[in-house]
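Peer 1: Next up is a structure, given as structure tokens.
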Amino acid sequence: MSSLGHQIATSVLVVGTGGSGLRAAIEVAEAGIAVMAVGKRTAGDTHSVMASEGHNLIPTAADRWEQHAADTLRASCLLADPRTALVVARSAARAIHDLERYGLRFDGSGDRGIGQRDLGTRTNPRAAFPVDHTGPEVQEALRERAERLAVPVLPNVYVTRLLVDDGTVFGAYGFDLVNGSRYLVHADSVILATGGHTRIWRRASSGRDENTGDSLRLAAEAGARLRDPELVQFHPSGLIKPDIAAGTLVSERARGEGGTLLNNLGERFMTRYDPGRMELSSRHKVALAAYTEIKEGRGSQAGGVWLDLSHLPRDTVLMRLPQVHQTLLDLQMLDVTSDPIEVAPTAQYSMGGVWVRPQDSSTDVNGLYAIGEAASGLHGADRLQGNSLIELIVYGRIAGRAAAEYSAKLTGQRRSPGAIRDAEGDVNRLLAADGDQNIRAMQRSVRDLMTRHAGIARDEAGLTAGLAQLEEVETRMVDGGVHVDIGGFQDLAHAFDLRSTVLAARATLECALERRETRGWHIRSDYPDPSPELQVNLVWTPETGVRREPVPPVPTDIAELMRDIPADGKPRP
């Protein structure tokens, strides 16, 4: 430890202070077990605040939790773990009530009950939503509840390594992003809630230094497996500019209210891809259509297409799409009532992640849990809208309770001085690195190759080329240079981000190469149809590469509720 180091002990350590992390910490605190949460951002500046779609629950007698589970499995193209889908569907209503208990007020709550919104691709409207923006309000309610419970939350702490001894986690090691002081946190159990890996593409809805694959690297280096990292959801309409806000999403409600998509010829190009539903087609069809227009040279000069609202009555835009209108004014000084918006498909959500057990979100490493976008199992090849937020709350509670019980049952605390020395030495070596290869430039190289070779549409030649280019980056990393300056230790964080990005990219490329089929969001232009042989999960580790794992069978009563699922596992529109 350095002279400025901090040594802390707690029963449960939560890494990540977004929605899932705070919900887990709340559960541990309410169980009377010591807990601490650390995050490289503040609790109010997390990816969870980006969500706006609402939470799925079962609000009426006309809907049943079994139908919610069936809809989830249908949407997943039969790659979701049915046991996970059942857990989330059964627990959704309780999760909503927990949020109300923390002070969140949903639209229509009180005497009128909770209102619900239809988000598409489901049999019944079941998305509960706050009066204003879902993500920020949920995050604020959780933050306030954690404060009332006096949960210690440490911001600006970058976790570089999980500490493991003989297959059992016993804490984490990291540093302060501002002053570089080290943190050694001993813990009986650790909950990983550090998001997904969408930032390894050039355009992503996540913030600049989040979702770089931290979860995948930390888990894999600790000895856990990854599942289906190739399954990533792309949003059809992310902003291209300004650079600082590139990837900011334009709500799909813009298309729902009558927005049209145009190419650089002024053509309403969805006539070529879905003339029946046009812009109201499924999300992956719209994203693929935009990608195709851009790739074939009919996109904008900056590599996008145009989302046009100017033909709509001004009052309609101001009343029905106020957030879209205000966001474009703030970011681009663009009035969407008169000018079109330049957008492009944007990496939005990691549907794969760390392999976890459905009953408690535990991993292969004793005492280690993963939740939220860090975990896998619920979404398969396509995420049912409304499920990401409810998953945070459901498994935040379940994993928090499991981690607390695991800690309470321990008769002693495991420690390994060697593991601690290795973690410390890792940071010291990077701080001493003075090579001529720029860390940020190498990150951009990875994002560029992933966008070029493993974006929305993929093929064998492109994925193989992507792996070859990734190997070049891995070779250059040896000569990386880290420079600490008056602005803090952000360059050191970028060096660890690069490690995470490279590992996440390799897992994604190798699994995408193995999945020689088109299923949900995994689109192989050289294998355009689903393969019954690939109705499996792809499990990956750095040591073993890709292995196939059977998906557990769907219970008969749930299978009977699944609609329009043909034998090949590909849902019909």
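The values are calculated or read from the model by the stated rules, or taken from the named source; none is laboratory data. Since this is a predicted model, take the numbers as computed values, not measurements. With ideal geometry, Cβ positions are generated from the backbone for all residues, glycine too; neighbour counts draw on all protein chains shown.
Peer 1: More than 22 Å from Met270 (Cα to Cα), of a type in the set (Asp, Glu), in contact with a His (Cβ under 9 Å, 6 or more places away or on another chain) and part of a loop (DSSP other than H, G, I, E, B): does that describe Asp335?
Peer 2: Answer is yes for this residue.
Peer 1: Look through Glu267, Glu230 and report the one residue that is closer than 28 Å to Asp459 by Cβ, crowded, with 21+ Cβ neighbours inside 10 Å and of a type outside the set (A, V, I, L, M).
Peer 2: Among Glu267, Glu230, only Glu230 is closer than 28 Å to Asp459 by Cβ, crowded, with 21+ Cβ neighbours inside 10 Å and of a type outside the set (A, V, I, L, M).
Peer 1: If I ask for residues that are farther than 23 Å from Ser445 by Cβ and surrounded by fewer than 24 Cβ atoms within 10 Å (Cβ to Cβ), which ones from segment 182-209 would you list?
Peer 2: Arg182, Tyr183, Leu184, Val185, His186
Peer 1: A follow-up question, please. Out of curiosity, is Ile244 outside any helix (DSSP H, G or I), among the β-branched types (Val, Ile, Thr), in contact with a helix residue (DSSP H, G or I) (Cβ under 9 Å, 6 or more places away or on another chain) and not assigned by TED's automatic domain parsing to the domain that holds Val536?
Peer 2: Against the criterion (outside any helix (DSSP H, G or I), among the β-branched types (Val, Ile, Thr), in contact with a helix residue (DSSP H, G or I) (Cβ under 9 Å, 6 or more places away or on another chain) and not assigned by TED's automatic domain parsing to the domain that holds Val536), Ile244 does not qualify.
Peer 1: If you don't mind, there's one more thing I want to ask. I'm trying to understand the selection: among the residues of segment 165-208, which are assigned to a strand (DSSP E or B), polar (S, T, N, Q) and touching a helix residue (DSSP H, G or I) at 6+ places or on another chain (Cβ under 7 Å)?
Peer 2: Ser189, the sole residue that qualifies.
Peer 1: Look at segment 79-92 and say how many of its residues are touching a residue at least 40 places away in the same chain (Cβ under 8 Å) and either of a type outside the set (A, V, I, L, M, F, W, C) or in contact with a Pro (Cβ under 9 Å, 6 or more places away or on another chain) (or both).
Peer 2: Here the count works out to 8.
Peer 1: Which condition number in (1) under 30 Å from Asp557 (Cβ atoms); (2) surrounded by fewer than 24 Cβ atoms within 10 Å (Cβ to Cβ); (3) modelled with pLDDT of 95 or more is the one that Ala61 fails?
Peer 2: Condition not satisfied by Ala61: (3).
Peer 1: Would you mind finding the one in Arg515, Arg429, Arg476 that is without any contact (Cβ under 8 Å) to a residue 40 or more places away in the chain and in contact with a strand residue (DSSP E or B) (Cβ under 6 Å, 6 or more places away or on another chain)?
Peer 2: Residue meeting the stated conditions: Arg476.
Peer 1: For segment 366-409, give me each residue that is at pLDDT 95 or above, in a loop (DSSP other than H, G, I, E, B) and touching an Asp or Glu at 6+ places or on another chain (Cβ under 7 Å).
Peer 2: Selection gives Gly367, Ser376, Gly377, Leu378.
Peer 1: Within segment 233-255, how many residues are of a type in the set (Lys, Arg), surrounded by fewer than 22 Cβ atoms within 10 Å (Cβ to Cβ) and either modelled with pLDDT of 90 or more or in contact with a Gly (Cβ under 8 Å, 6 or more places away or on another chain) (or both)?
Peer 2: 1
Peer 1: Considering Leu218, Leu184, which residue is in contact (Cβ under 8 Å) with a residue 24 or more places away in the chain, at negative phi and in contact with a Leu (Cβ under 7 Å, 6 or more places away or on another chain)?
Peer 2: Going through Leu218, Leu184 in turn, just one is in contact (Cβ under 8 Å) with a residue 24 or more places away in the chain, at negative phi and in contact with a Leu (Cβ under 7 Å, 6 or more places away or on another chain): Leu218.
Peer 1: Can you tell me which residue in segment 250-272 is farthest from Asp335 (Cα to Cα), limited to those that are of a type in the set (A, V, I, L, M) and in contact with a strand residue (DSSP E or B) (Cβ under 8 Å, 6 or more places away or on another chain)?
Peer 2: Met270
Peer 1: So which residues in segment 61-105 are in a loop (DSSP other than H, G, I, E, B), more than 21 Å from the chain's Cα centre (by Cα) and small (Gly, Ala, Ser), if there are any at all?
Peer 2: Of everything in segment 61-105, those that are in a loop (DSSP other than H, G, I, E, B), more than 21 Å from the chain's Cα centre (by Cα) and small (Gly, Ala, Ser) turn out to be Ala61, Ala62, Gly103.
Peer 1: Pull out all pairs, ordered by first then second residue, where Cβ-Cβ is under 9 Å, the residues are six or more apart or on different chains, the first lies in segment 93-106 and is more than 17 Å from Tyr395 (Cα to Cα), and the second is β-branched (Val, Ile, Thr) and surrounded by fewer than 15 Cβ atoms within 10 Å (Cβ to Cβ).
Peer 2: What qualifies is Arg105/Val131; Phe106/Val131.
Peer 1: Inside segment 301-330, can you point out the residues that are over 20 Å from Met278 (Cβ atoms) and either of a type in the set (S, T, N, Q) or in contact with a Lys or Arg (Cβ under 8 Å, 6 or more places away or on another chain) (or both)?
Peer 2: Gln301, Ala302, Gln323, Gln326, Thr327
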